[in-house]
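Scroll down for the structure; my scribbles are underneath it.
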Amino acid sequence: MSRKGYPDEESETAIAKLVEWGYLDDEIYSRDILRAMMNECPIGRRRAVFELSRRLFDKELIKRAVDEVFSGVGEEELAALAARKYLDRKNSGLTSERERERLARWLQRRGFGAEAIFSALRRTGLSIRE
């Protein structure tokens with residue numbers, strides 16, 4: 001703010017207010033980012049770590065935020081939920097192997113591992129060559 005010409009006292013007051021309101025709390029902000037992403041469509045732990053890393057959060061903070069947001073929820077459950085959301089957006093079922101592979105790649109990009117992907121495909125009644 002000082003580069004924009006604001007006096008130091010005003011800058012400090014503004015920053016203190018932002019901290020008081022919780023707007024400059026990286027712990028809260030990192031969890032909010034992950035929860036917003038999860039509400040839209042579930043992601044895996046790998047994607048969660050990637051998203052926070054690219055925003056330059058501290059590694060320990062990333063670990064805490066990911067552990068908290070993913071506590072009590074299995075990656076296979078999340079992958080199955082994401083697969084169902086993907087299928088709900090499609091009007092036709094995934095009848096061809098190519099379409100099932102496309103879903104598997106989509107789940108991989110969302111940060112899910114192979115076990116979670118295969119489990120999700122089985123849970124949604126699809127199968128893919130393992």
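Evaluate segment 54-69: report whether one residue or more is surrounded by 13 or more Cβ atoms within 10 Å (Cβ to Cβ) and within 21 Å of ARG123 (Cα to Cα). Checking segment 54-69: not a single residue is surrounded by 13 or more Cβ atoms within 10 Å (Cβ to Cβ) and within 21 Å of ARG123 (Cα to Cα). Name the pairs whose Cβ atoms lie under 6 Å apart, with the first residue in segment 15-39 and within 29 Å of ARG110 (Cβ to Cβ), the second exposed (fewer than 12 other Cβ atoms within 10 Å of the Cβ) and small (Gly, Ala, Ser), and 6 or more positions between them or separate chains? Hits for this filter: ILE28/GLY22.
Going by the structure shown, is PHE112 in contact (Cβ under 8 Å) with a residue 24 or more places away in the chain, in the same structural domain as ILE15 (by TED's automatic domain parsing) and surrounded by 14 or more Cβ atoms within 10 Å (Cβ to Cβ)? Spelling it out, it is not the case that PHE112 is in contact (Cβ under 8 Å) with a residue 24 or more places away in the chain, in the same structural domain as ILE15 (by TED's automatic domain parsing) and surrounded by 14 or more Cβ atoms within 10 Å (Cβ to Cβ). Restricting segment 83-109 to residues that are in contact with a Leu (Cβ under 8 Å, 6 or more places away or on another chain) and surrounded by 15 or more Cβ atoms within 10 Å (Cβ to Cβ), the residue that is modelled with the lowest pLDDT is LEU94.
With the condition kept exactly as written, say whether any residue in segment 33-41 is of a type in the set (A, V, I, L, M, F, W, C) and over 12 Å from the mean Cα position of the chain (by Cα). No: zero hits.
Condition check for ILE28 on (1) surrounded by 12 or more Cβ atoms within 10 Å (Cβ to Cβ); (2) modelled with pLDDT of 95 or more; (3) not assigned by TED's automatic domain parsing to the domain that holds ARG102: one failure, at (2).
The values are calculated or read from the model by the stated rules, or taken from the named source; none is laboratory data. Since this is a predicted model, take the numbers as computed values, not measurements. Using ideal geometry, Cβ is built from the backbone for each residue, glycine included, and neighbour counts are taken over all protein chains shown.
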